[in-house]
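So the structure is just underneath, and the comments pick up after that.
Any read-out appearing in this document is the output of simple, stated calculations on the displayed coordinates, not a laboratory observation. All values derive from a computational prediction rather than experimental measurement. Cβ atoms come from the backbone with ideal geometry, glycine included; neighbour counts cover every protein chain shown.
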Amino acid sequence: MRHSVLICALSAIVLSISASTFAQEGGTSTDTAAAAKRAGKGLNPDTGVNFLGLYRKSVQGNDSAAPNPNGFSFQEAELQFSADVDPYLRAVGLFSIGEVESSAPNGPHDHEFGLEPEEVYLESISLPSVTLKLGKFKAAFGRHNILHTHAFPFLDAPLINDSLLGEEGLNDLGASASFLVPAPWFVELTAQGMAANSETLYASTNPNHLAGVAQLKNLWDLSDDTTLELNLFGTTGKNRFDGDSNAYGTDLTLKWRPSVGGKYRSISWTTEYLNGYVGGDFGEETPAFGPRLGGIASWVQFQFAQRWWLQARAEILGLPQAEDLDSTKRQSVLLGFFPSEFSGFRLQYNRLTQPELPTDHAVALQWNISIGAHPAHLY
């Protein structure tokens, strides 16, 4: 309590000094108030909160022990803080509040929540043609891996991302350098070194083991209304089996938004392919997905009115695959209503076909709300 009072008192003194100094220089009372407000904001980072709620109904969700049981659920809340540290560095801290596995006997019905750092890093802001990053961040491994949950194109991640990279994706402590390559079109080369802690791909127990990530991003302006983006990416490193893990992929995105009337119409089509391999001496333990796994996801997003979106997605998990094994397939349709950039409501239907299991049909409604500072999403 004493510390809180002291901090408030010091803040008031700083604001008073700033305001009085400005007034002595000839500012009006209105100017003085504005100056005091600016001084106060300078002491605080930009702050934002995003939260996701969900209602789900599916065939497999009738089992209370299912990974995604039916009914209402709190998907996640994200707390984000960001500010320029000085003319050279910017700091970002993003913390996720979500449900964790319960150790109670009733399992999914006993909701427990935890707070975890999702991304906490420093980033350079003044180096020409180069961006350096240090801390915990999402790896530059394809189009979907860098997205936060509230920015997913659909309510869930593609099957191949979840299976190959795990629920958190490639997200760990490390260092990153991105370079703008001189070229007639936009070309960015990113190289990253990260801890090899990915739960499915690496999970190395040796703290000296690192994973390398590289991505080449290309973006072309086909016209004033249309762009084409092509990414090539890969990662390699040591795993918990004392072997090498590696994964690679590519994604292609075509976007159309008219320069006149783009507020009401737009189309985006993205296709992403991932393939990964885990080697080593498995013994009695096996990798989460077998030694090799590949998959593809392709989705179209069509904005047909200012606040309405219609989307469709098709996925195959197990590509390529053994001749005697069936792949897992999922088709999704989504209708989205967005009153503003700070709120959204999305209704999604999934049809999931898995080997030796009945076809699952699922319908889910999500509400996505943001308050406070709302950073722009990546293009």
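Quick look at the values:
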read-out	value
Rounded, prolate or oblate (a/c below 1.5 giving rounded, otherwise prolate when a/b exceeds b/c) for region 257-348 by Cα gyration tensor	prolate
Region 222-301: radius of gyration and largest Cα-Cα distance (Dmax), Å	18.9, 61
Net +/- balance of residues flanking Arg307 in space, Cβ distance below 14 Å, scoring K and R +1, D and E -1	+2
Under 14 Å, Cβ to Cβ, from Ser298 - net charge with Lys/Arg +1 and Asp/Glu -1	+1
Cβ-defined net charge surrounding Asn239, 15 Å radius [Lys, Arg +1; Asp, Glu -1]	-3
Exceeding the 23 Å Cα-Cα cut-off - candidates Lys138/Lys263; Lys217/Lys255; Lys57/Lys255; Lys136/Lys238; Lys133/Lys255; Lys133/Lys263	Lys138/Lys263; Lys57/Lys255; Lys133/Lys255; Lys133/Lys263
Cα gyration tensor category, rounded, prolate or oblate, for region 124-264 with a/c compared to 1.5	prolate
